[in-house]
Each structure stands twice: as C-alpha cells, then as structure tokens.
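Here's the structure we're looking at; comments come further down.
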Amino acid sequence: MKLNRRSFLLHGAQAGAALSALPLSALAADTGKAAPLQQRRAVTIAAPSGAVRGAAEQGVLSFKGIPFAQPPVGALRFMPPQALPVASGVRNAFAFGPAPMQPDRVQAGSGRHFIGDAALSEDCLYLNVWAPETPGPHPVFVWVYGGSNIYGATSQPIYDGASFARNGVVCVTIGYRLGAFGFLELGEVLGEKYKGSGNNALRDQTMGLQWVHDNIAAFGGDPARVTLAGESAGGKNVSALLAAPAAAGLFNQSIIQSGGGLTTHTLAGAGEVARLLLETLQAGQPGVSAADLLLGVNADTLLKAQTATVARYPHNFAYRSVVDGVFLPRSPQEMVAQGASRDVRLLIGSNHDEALLFFPPALVAGYRKDPAAEAANNAAITSREMAQLDVPAITVAAERYRKAFPQQSGFERRVRLLTAEEYWIPTVRMADAHAQAGGVTYMYRFDETAKQGPFSGYAVHAGELPFTWRNFSEPFLEMLYGKAPPVPPLADLMHATWIEFIRSGRPRHRQLPAWPQYRVSAQTGGRATMLLNSSGSRMQDDPAGAERALWQDLM
C-alpha cells in the first residue's frame, strides 16, 4: 500500500502528554520510497484545545496544520480572529494547513514554489509544532515569517523546526493573514464594526501566542519560557507585539532579525491604502457599494486589487501595522522607549547589505559587468524604494552619503543608504529604545557574504536565515548558497547561539568572544555589536557610528 504524507491513518497515545505511539510500517514519502519499519510512527497528543495526531521520527515529534482560530472567511473576513471551540475526537496533523492568500512566486530555474506545496486560502490560521521526544519542560521558540506582509507561509521549507527540536527546543510557527486580508484598515470605509481591522494580522499572531500559552505544555514546552522571533516583516510584527498590550505576558524573550519598529501606518496612512484598494475594486464594478465589494468579492479578486494597490502606493510596504490607538496605542518605537517591553530580553540585528536583494536585476547586472557604468552609479533613488522618507528627505540623505563616502561608487552608496533607511537604522533605534528603557538587549550584525550568484560578496536581506535555522533547503535562497549546500561551520555556530539565547537569555558560544549587553552611553558611546562572519566574528562598539549619525534628524 502506498501512502503519502497526507495519508497517515494510524494513531495511538504516548504516556503522559501523548496517548500512545504505533508504527507506520507502510509509510511512503512523496517520492514513493517506503520508509523503514519503525522509523516513523504516529503519536497523539491530548492538548487542552483538542487531541492532535502527528509523527515521531528521529527523536522529533511534529504536528502540522493545527487550527488555532476559526477560519476568517465569509462574515469573519476583516474581523478579528475568533476562538475555536475545543475539538472533539482526534485531528490529523501531518500536513501544513493552507498558506495565506498571496501572489504566486516560483524560484527561477528551479520551478519550486516559494511557499512549498501548501494551497492558498483565506482559511489560513494554522500553526505547527516540532518538539523533542524527550520529557520537558523545554524552552519554546515561536516564529513569525516575513515577506513584506504580502508573502510568506509556515510551509516555506526553511522554517522546518526539526533542528531546534533535536536540540531541546519546542519550535512553533504561526500562520497569519497577509496584505489586504490582514492589514487593511476599514473603520473609515465600513464603519465602527471594522475599526482596527488593519491590525488583524497582529491579532492572529497574538491568538497563536495565546494557543501556545494554553497548550504547549502538552507538547513538552514551558509556557513561562517563550521566545517570540521573526525576520523582515515578521521582525517588524514582533516589534509591534513588544508594544501591544494584548500580547503582554505571552512571551518573555524576543529575537528580531532585520526588523525594527518604524515601518507603521497612522490611521490616515492606512486609510489611504484602503481607498486605493477600494478604487481598484470599484473600477471593475461601478455602482456597487463598498461593503458589497469588500465583503462579497472572492479571494482571488481581492488579491488582484491588493497587488494593484501595492503598485500604486507611493512608498514601499503598503501593508503595515497600524497605530490605531487601541491595539497599538502609540508607535512601537515610542512604547518600547517608554518601557512597554523592558522585562522581555531582546536579541536584535540586521545584515550588512540588506537592500541589495531588492535592486532591479538589470541594475545589479550592469554594475557587475562594469562597476563604472553610468546607469548603475547615477540611478536616482525613488520614494517607491523607501519605507519612511519622502523625496525631499531622500535628496538630503543622498547628498549626505555623497559627502561622507566620496570614494565609494554611486551604486555602493545606494546599497548603504537603502540598507540603513529600512533595516539598519530602525534596528539601532529599537535596540537603543529597549536598552535605555532598562531592557536586557543584545545586538548583532550579519556580515557573512554570499559566495555565488548575483549577490556574491554581499550580506543581503534574508541571508542569515539558513544560518539561524541551520537549514539551507529554501528555493528563494538557492541563488545565494546553491541547492542544499554543506552546512558551513558558521551555521552550526549561529544556530547554537540562537538556541543558547532561547534557553538562557544570553547569546553565547565557546567559539565567539564574550558578548556583552547592548548599552547606550553618552560618555563611551557603547552599542556593543557582535559582527558575525566565518572569517572571524568579533565585538565592536557602535560599528559605522559616523554613518549612523547621518540619520539623527532624518527619521
């Protein structure tokens, strides 16, 4: 009998947390090759929210596609996530749940989908758990994926949590609504009932954290030791949750990779995005009311309108968390500075050359072919490339960079300025705010460069992910590291360092120099930062401090 990974039928339970475990003797992967007898077996966990049946293999328990809220469809579109009743019976948890609605992305040359083999659906509020088979309680690592708040899913191959589980950490990845489905503020358009809808994605994440708090002990996790982490838009969402009263007490540590707390909307800014999207819908169906359009169109039509809105929005990142006065009373940056998360330990950092990943391919190719090429060195920066600055401020910043770095090419200054505007400076500002409010803070910068492809020689955005996850199976990152290359020593080091922070609250490793807390000092400057690099990681106070000073009055 041939069974694929969606077709586990046997179940049982394990003593204590699980009810029993029986072998899956005829299990076959998608390749059709049978797994050896006893290698993988079904395991059922009796969790407070309901029993789930997952798999045990090589010391790791995995449970995929666990719902943590009602499907946000039909009348629940644009509404906060609603609690699920306790499930009766046993739910199979062998396959990822649907990914949130998003444009399709396929890695060029590989044919592999960015989100793996998950289907797209508005019904996307599912999470996954990888846990050690050994008795707990184990520390818990909860991940919020990135992707500009319009892409991403827990099914992305890189977010397989088995490596964390093998090292004594329970890993949870949370699905949440993207784009117009999770970040569209409709209070002005649809009325009081929909006020705050621009933060529904953050509410999804908060409900996922509540599920962890209520259920993770059944999987061997310790609900009192939860580290919330995310990268890119996921990191910005974690920054927002550091400030959100609704998330207080649901995690005691956080890791923010290439995030920060500056990329947010005011209610007015969020309202402009909603108006742009509504104009797109109305162009196709004139005379139909806003409520009928927004609540009645199918998900694919709404997704197309979302894409058109992103194209029309004059800045980068149309879909952001919203300072709405309720879920986010004030900006995350301001609230963290006022002590909202001083009791949450923070590990935060960015990559040396983040922005290069988003440059037009022709611009990068032109510079590679001829570093002196006029087109590559004189291309004007536009507001569409910036998340925070308007055109006059961009002009001021560009002139400051020209004067500060006259020896660099225009292309190199462009990399530095755009990296600083969206990633590095927001990261520094968040670290400053957290540390000055009394929080325990640690800072890093990822300096390891790609060894192949168009970005060789640069440490671009997302380049650290396979190192922190110790997983190089990711179609999107094949252009940086090749297809499933050997795991480099730096990945072993960084993964172990992240795990040590999750366990103890301190990022440390025997192969790293001592990593002191990040502090800001008027006398000495401070800002101790670990520069991570395979050629020799080192500590440095206030790296690129003169460049940081260029931004003091710009944003």
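Computed quantities for the displayed model
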| quantity | calculated |
| --- | --- |
| The one condition in (1) within 14 Å of the chain's Cα centre (by Cα); (2) on the phi > 0 side of the Ramachandran plot that LYS236 fails to fulfil | (2) |
| Leading residue by the ranking (farthest from SER341 (Cα to Cα)) among those in segment 430-446 that are surrounded by fewer than 20 Cβ atoms within 10 Å (Cβ to Cβ) and not hydrophobic (A, V, I, L, M, F, W, C) | GLN436 |
| Selected residue [out of contact with any helix residue (DSSP H, G or I) (no Cβ under 8 Å at 6 or more places or on another chain), over 14 Å from LEU190 (Cα atoms) and assigned to a helix (DSSP H, G or I)] from ALA305, ALA283 | ALA283 |
| Residue within segment 299-306 that is within 26 Å of THR427 (Cβ to Cβ), buried (at least 19 other Cβ atoms within 10 Å of the Cβ) and not hydrophobic (A, V, I, L, M, F, W, C) present | no |
| Those helices (runs of 4 or more DSSP H) lying entirely in segment 345-430 with at least 1 residues under 24 Å from ASP447 (Cα atoms) and β-branched (Val, Ile, Thr) | 361-369, 410-419 |
| Exclusive hit being surrounded by fewer than 18 Cβ atoms within 10 Å (Cβ to Cβ) and in contact (Cβ under 8 Å) with a residue 12 or more places away in the chain, set PRO100, PRO137, PRO132 | PRO137 |
| Considering residues of segment 253-270 that are surrounded by fewer than 19 Cβ atoms within 10 Å (Cβ to Cβ) and outside any strand (DSSP E or B) only, the residue farthest from the chain's Cα centre (by Cα) | ALA268 |
| Residues satisfying the stated conditions in segment 496-523, i.e. touching a helix residue (DSSP H, G or I) at 6+ places or on another chain (Cβ under 6 Å), crowded, with 17+ Cβ neighbours inside 10 Å and within 27 Å of ASN471 (Cβ to Cβ) | TRP498, PRO507, HIS509 |
| Residue match in segment 161-174 (condition: in a loop (DSSP other than H, G, I, E, B), outside the structural domain of ASN471 (by TED's automatic domain parsing) and within 16 Å of ASN237 (Cα to Cα)) | no |
| Residues that are within 25 Å of ALA180 (Cβ to Cβ), surrounded by 20 or more Cβ atoms within 10 Å (Cβ to Cβ) and not small (Gly, Ala, Ser), drawn from segment 199-223 | ASN199, ASN200, LEU202, ARG203, ASP204, GLN205, THR206, MET207, LEU209, TRP211 |
| Only one of GLY191, GLY168, GLY187 that is surrounded by fewer than 24 Cβ atoms within 10 Å (Cβ to Cβ), touching an Asp or Glu at 6+ places or on another chain (Cβ under 9 Å) and more than 28 Å from TYR423 (Cβ to Cβ) | GLY187 |
| Hey, ASN200 at pLDDT 95 or above, under 27 Å from ALA83 (Cα atoms), touching a Pro at 6+ places or on another chain (Cβ under 8 Å) and assigned by TED's automatic domain parsing to the domain that holds TYR176 or not | yes |
| Residue list for segment 524-535, restricted to those being more than 23 Å from TRP469 (Cβ to Cβ) and either modelled with pLDDT of 95 or more or surrounded by fewer than 14 Cβ atoms within 10 Å (Cβ to Cβ) (or both) | THR524, GLY525, ARG527, ALA528 |
| Residue list for segment 360-389, filter: charged (D, E, K, R) and either touching a residue at least 24 places away in the same chain (Cβ under 8 Å) or touching a Cys at 6+ places or on another chain (Cβ under 6 Å) (or both) | ARG368, ARG384, GLU385 |
| Failed criterion for VAL226 (all others in (1) within 19 Å of the chain's Cα centre (by Cα); (2) in a helix (DSSP H, G or I) hold) | (2) |
| Single condition LEU27 does not satisfy, out of (1) surrounded by fewer than 18 Cβ atoms within 10 Å (Cβ to Cβ); (2) at pLDDT below 95 | (1) |
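Listed here are the residues, each with its yes/no results for (1) of a type in the set (Gly, Ala, Ser); (2) in contact with a Ser or Thr (Cβ under 7 Å, 6 or more places away or on another chain).
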position: LEU293; (1), (2): no, no
position: ASP300; (1), (2): no, no
position: ALA311; (1), (2): yes, no
position: LEU328; (1), (2): no, yes
position: ILE348; (1), (2): no, yes
position: HIS352; (1), (2): no, no
position: ALA372; (1), (2): yes, no
position: ALA380; (1), (2): yes, no
position: SER383; (1), (2): yes, no
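The values are calculated or read from the model by the stated rules, or taken from the named source; none is laboratory data. These numbers were taken from a predicted model, which means no experiment stands behind them. Glycine also receives a Cβ, built like all others from the backbone with ideal geometry; neighbour counts cover every protein chain displayed.
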